[in-house]
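To start, the structure itself, in structure tokens.
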Amino acid sequence: MSRDRIRIAGADVAVVGGSIAGCATALAAHRAGAGHVTVYERTAGRLADRGVGLAVHNARYAELAAAGYLDTAMPWVQLAARRWYVRDGARPLGRQIGTLPFPFRSYCWGPLWQELRRRLPEDTVFRPGVRVDAVSDAADGVGVHLGGGEGSSAGEGGAGSGERRGADGSSRRTERFDLLIGADGYRSVVRETAFPGVRPDYAGYLAWRGAVPADRLTELSFPALPADPWAEEDCIYGVFPGGHVIIYRIPDGQGGRRANWVLYTAPPAGLDLGLDTPTSLPPGTLTDALYAHFSHVADELLPPYWGGLMRLTPRQEVFIQPMYDFTAARYTAGRLLLAGDAATVARPHTGAGAVKALQDAAALEAALRALPERPDALAAYGAERGATGRSMVELGRRLGRTLVQDTPDWQTLDQSGLEAVWAAADGSGAFGGRELKS
């Protein structure tokens with residue numbers, strides 16, 4: 001069979017990246033008729049333990065449920081409204097300036113990933129702790145060049161494999177496949193092969209993230225605090241000059257709840273974090289300067305209750321996600337295709353990060369079923385998802401300007417003013433993700 005006419009039925013497919021996007025696209029490849037799927041995940045630890053939250057718009061949930069990628073077996077919390085608060089003296093909750101609809105279901109990353117992982121067929125080869133150093137696209141297939149680590153031993157690869165030596169003389173293994181899906185995040189090795197030099201741009205601000213067991217909220221004691229300060233269906237926006245925090249409840253995967261929070265604001269002036277190269281600051285790595293800035297925002301800029309809630313997260317559990325965004329010129333190149341954050345990174349303000357990854361999988365499955373030969377199916381997939389990715393990047397930038405980089409005078413806004421600010425920022429009404437095309 002020629003290189004240009006590869007049939008999906010029976011194909012040997014590799015997926016680089018085993019998180020939500022990786023598991024979902026592996027499932028898509030199986031459903032579309034791939035003969036064998038191997039998933040490489042560099043993390044050796046338990047992905048299921050990740051406790052941060054994400055939210056899915058009700059309408060996007062309905063589409064993804066119909067496509068078979070989400071369902072009610074995955075623990076979730078129904079949200080309904082966003083309540084916007086500004087600091088107002090010592091009032092614990094601050095002053096509410098308005099309310100906007102928020103028809104979203106919230107999830108915990110770990111349990112959602114675990115359910116997707118569980119749904120992969122038993123013959124899927126899932127290899128944690130394996131570093132993919134590079135990939136190559138050639139006439140005889142895609143080469144996946146593996147570094148050391150757990151799971152990189154012989155006899156576990158795809159259609160063909162061989163051994164080579166790295167620059168340091170250590171053993172490196174190459175495994176070959178008919179098709180490769182890059183779901184390896186914003187620092188994607190696959191994208192670097194497909195589109196060298198295309199990488200995320202730093203937006204100039206950060207997201208501090210954390211979560212708190214819901215039963216610890218009773219530790220927050222303030223004079224005149226209402227008996228029920230925070231309804232479960234409410235998502236809180238605490239806004240201040242130069243940033244905001246979003247707080248909502250998520251399932252903890254064990255029948256309980258956690259309060260998930262994300263704080264967006266710029267780092268202290270003059271602090272060189274080396275963020276021009278895509279990176280992150282995982283739990284346990286916050287510098288004294290960064291934690292002092294976080295504490296200042298929580299204690300001085302936010303209403304006392306919401307800042308106090310954030311402070312319940314131990315310092316060693318707080319982590320930082322620098323804001324980057326980009327979109328690849330195309331989602332496909334030869335035998336390579338991109339999905340999730342490997343293809344497009346939109347700022348989390350869009351409320352559609354996980355939705356985008358799951359939609360990529362659903363769209364890929366639909367394209368492969370409709371057009372069972374490459375490159376036709378991949379071109380159809382790339383055209384549809386590329387347009388969506390570009391629109392979400394633009395939405396994230398608009399929301400970032402309004403909510404962080406050029407904030408309005410929140411103290412002067414009322415309900416009508418808030419509605420006007422949000423309408424101007426959202427523009428196309430794509431908050432929560434664009435409709436999945438059938």
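The values are calculated or read from the model by the stated rules, or taken from the named source; none is laboratory data. Keep in mind that what you see is a predicted model, and the values were worked out from it rather than measured. So basically every Cβ, Gly included, is an ideal-geometry build from the backbone, and we count neighbours across all protein chains shown. These accessible areas exclude ligands, DNA and RNA; they are computed on the full protein's heavy atoms, side chains included. Shrake-Rupley method; radii C 1.70, N 1.55, O 1.52, S 1.80 Å.
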Taking every other residue with Cβ under 12 Å from the Cβ of residue 75 and scoring Lys and Arg +1, Asp and Glu -1, one gets +1
So what's the net charge close to residue 142: Lys and Arg +1, Asp and Glu -1, counting the other residues with Cβ under 10 Å from its Cβ? -3
How large, in percent, is the carbon and sulfur part of the accessible surface of the range 303-438 at a probe radius of 1.4 Å? 51 percent
With residue 191 itself left out, Lys, Arg at +1 and Asp, Glu at -1 over residues whose Cβ is under 12 Å from its Cβ give 0
Listed highest first by mean packing, meaning other Cβ atoms within 10 Å per residue, what order do 277-285, 8-16, 28-36 come in? 8-16, 28-36, 277-285
Taking the chain as a Gaussian network, Cα atoms linked when under 10 Å apart, which of 19, 136, 188 shows the biggest mean-square fluctuation? 136
Under the rule a/c < 1.5 gives rounded, and otherwise a/b versus b/c splits prolate from oblate, where does the range 349-398 land using the Cα gyration tensor? oblate
Distance between the C-alpha centers of the range 167-234 and the range 351-373? Whole Å please. 20 Å
Mean Cα-pair separation over length for the range 305-404, i.e. relative contact order, pairs under 8 Å, 6 or more apart, %: 34 percent
For the range 404-415, take each phi angle, set θ = phi - 60°, evaluate the Karplus expression 6.51 cos²θ - 1.76 cosθ + 1.60, and give the result in whole Hz per residue in order, putting x for glycine and proline. 9, 7, 9, 6, x, 7, 4, 4, 8, 8, 10, 4
To the nearest Å, what is the center-to-center distance of the range 264-302 and the range 72-124, using C-alpha atoms only? 24 Å
Computed over the chain: relative contact order in percent, which uses C-alpha pairs under 8 Å that are six or more apart: 22 percent
Out of 227, 26, 357, any idea which swings most in a Gaussian network model of the chain, alpha carbons joined below 10 Å? 227
Under a crude label model (7 Å from the Cα following the beta-carbon direction), how far is residue 81 from residue 376 in nanometres? 5.3 nm
Enter the mean projected area of the convex hull around the alpha-carbon atoms of the chain, in nm², rounded to one decimal. 20.9 nm²
Quick shape check on the range 231-289: root eigenvalues a ≥ b ≥ c of the Cα gyration tensor, a/c under 1.5 is rounded, otherwise prolate if a/b tops b/c, else oblate, and it reads oblate
